[in-house]
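As structure tokens, the structure follows; a few thoughts come after it.
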Amino acid sequence: MALKAAGRPSAETLLLWEREQARLRTRVLHGDTEAWQRDAAFSGLRRVGGVDVSFVRGDDSRACASLVVLSFPELQVVYEDSHLVRLKAPYVSGFLAFREVPFLVELVQRLQEKEPGLTPQVLLVDGNGVLHQRDLPCIGVAKKLLQVDGLENNSLHKEKIMSLQAGGDTFPLMGNSGTVLGMALKSHDHSTKPLYVSVGHRISLEVAVRLTHHCCRFRIPEPIRQADIRSREYIRRTLGTPGSPAQMRARSREEQRPKAYPKGGPGPAGPPKDSGRGPSPDLEDLQLCFQEQQDGQPEGTGHHEDSGLRTPSPPWEDDL
């Protein structure tokens, strides 16, 4: 469907998107379906994935889509894939999925073709909601509150945030409808800003929150954090942006690391032996229906609060 010259989809396209969102809602499962989800220590969980999209500064249609897979519970990267992409759909509030999903689908497809044994058993998505896939449990993890159904980042909400004392503390996000839409999570003892965890697909909210906390070395869960780091570094390396001395040293170390461990010969970190994979995901049903991180952001821009390629702040500022 062609886009209008001003960059906004036609009314017909928006209607089709709304219908697709409604269709997907009927297929989402909000309960635990895997044995490892019912184990307090997540026994049987060996691989967790993360996806992210980073935008090139000054170009709201050019970005880098990234997928990483980490071993669990070691949280060592065992697979990564990043690609520069050209986004054709504009940013429209409430329809972020239709802007970014095709590139994330392609990354998962490439993983299954190249290293099927490294397919993640659960996927963490940088956003609110669902990367919906019939055979792949998914969790939405956002850095900002999506203000819907009466949820507001007001003084009461800020008081609740102040009540979170230690890593793992939470409070529910209940809308005016009486529905618990997610949980605010203090992911790290030293973090002053919570994460907003929402059920994606084939996982309960309680398990989604616990697993997200288990994946946090810093404020942001490691699968998403690594996807973000590697997508930005891929842009810098590809486009020739030099970065800071610290980034250049990190880049030098990273370039010596294999992108994916070959079958039968994992690298130093090495993924743990698999105790048995579940059915291979049916990628024809992979759909993205997570909402934007910040409602009401101007159209035509990327959804990340830092969509450019500025020199990042020290890790204790960005990650805690």
Study note, to complete from the structure: Amide H neighbours of residue 217 at under 5 Å, excluding residues fewer than 5 places away on the same chain, with H built from the backbone geometry, are 222
Revision key, fill the gap. Counting only DSSP loop positions in the stretch 32-103, the GluC sites (Glu not before Pro) whose Cβ has at most 16 other Cβ atoms within 10 Å are 74
Check your understanding: Ignoring ligands, DNA and RNA, how do 157, 188 rank by accessible area with a 1.4 Å probe, largest first?
Key -> 188, 157
Review point. Tell me, what HN-Hα J-couplings in whole Hz come from the Karplus equation 6.51 cos²θ - 1.76 cosθ + 1.60 at θ = phi - 60° for each residue of the stretch 75-89, using x for Gly and Pro?
Key: 6, 9, 5, 10, 7, 8, 8, 9, 8, 6, 9, 10, 7, 9, 7
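Excluding residue 223 itself, what net charge comes from residues whose Cβ is under 12 Å from its Cβ, given Lys and Arg +1 and Asp and Glu -1? Spell out each step's value before the answer.
Details: positive: 47, 217, 225, 230; negative: 52, 80, 126, 222, 228.
That sum, taken over residues with Cβ under 12 Å, equals -1.
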Check your understanding: So, in nm, how far is label residue 163 from label residue 33 when the simple model puts each one 7 Å beyond its Cα toward the Cβ?
Key -> 3.4
Review point. From the Cα gyration tensor of the stretch 50-174, with a ≥ b ≥ c the square roots of its eigenvalues, which class applies: rounded if a/c is under 1.5, or else prolate if a/b is larger than b/c, or else oblate?
Key: oblate
**Study point:** Long-range HN-HN contacts of residue 122 with modeled amide H, under 5 Å
**Key:** 49
Check your understanding: Residues with amide H under 5 Å of residue 169's amide H, sequence separation 5 or more or different chain, H placed in the peptide plane at 1.01 Å from N; which?
Key -> 186
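Relative contact order, percent, of the stretch 172-239 when contacts are C-alpha pairs under 8 Å separated by at least 6 residues? Write out the running numbers ahead of the final one.
On the way: 71 pairs, mean separation 15.2, N = 68.
Result for the stretch 172-239 is 22 percent.
Rounded, prolate or oblate for the stretch 1-104? Axes are the square roots of the Cα gyration tensor eigenvalues, ordered a ≥ b ≥ c, and the cut-off for rounded is a/c under 1.5. Present the calculation step by step, with values, prior to reporting the outcome.
Working: a/c = 4.16, a/b = 1.55, b/c = 2.69.
Oblate.
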Check your understanding: Whole-Hz Karplus ³J(HN,Hα) for the stretch 62-67, in order, using 6.51 cos²θ - 1.76 cosθ + 1.60 and θ = phi - 60°, x for Gly and Pro?
Key -> 10, 8, 10, 8, 9, 10
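The values are calculated or read from the model by the stated rules, or taken from the named source; none is laboratory data. Predicted model, so just to flag it, every value in this text is computed and none were measured. Heads up, the Cβs are rebuilt from the backbone with ideal geometry, glycines too, and the neighbour counts pull from every protein chain shown. Each accessible area value is taken on the protein alone, full model and side chains, heavy atoms only, with ligands, DNA and RNA left out. Shrake-Rupley method; radii C 1.70, N 1.55, O 1.52, S 1.80 Å.
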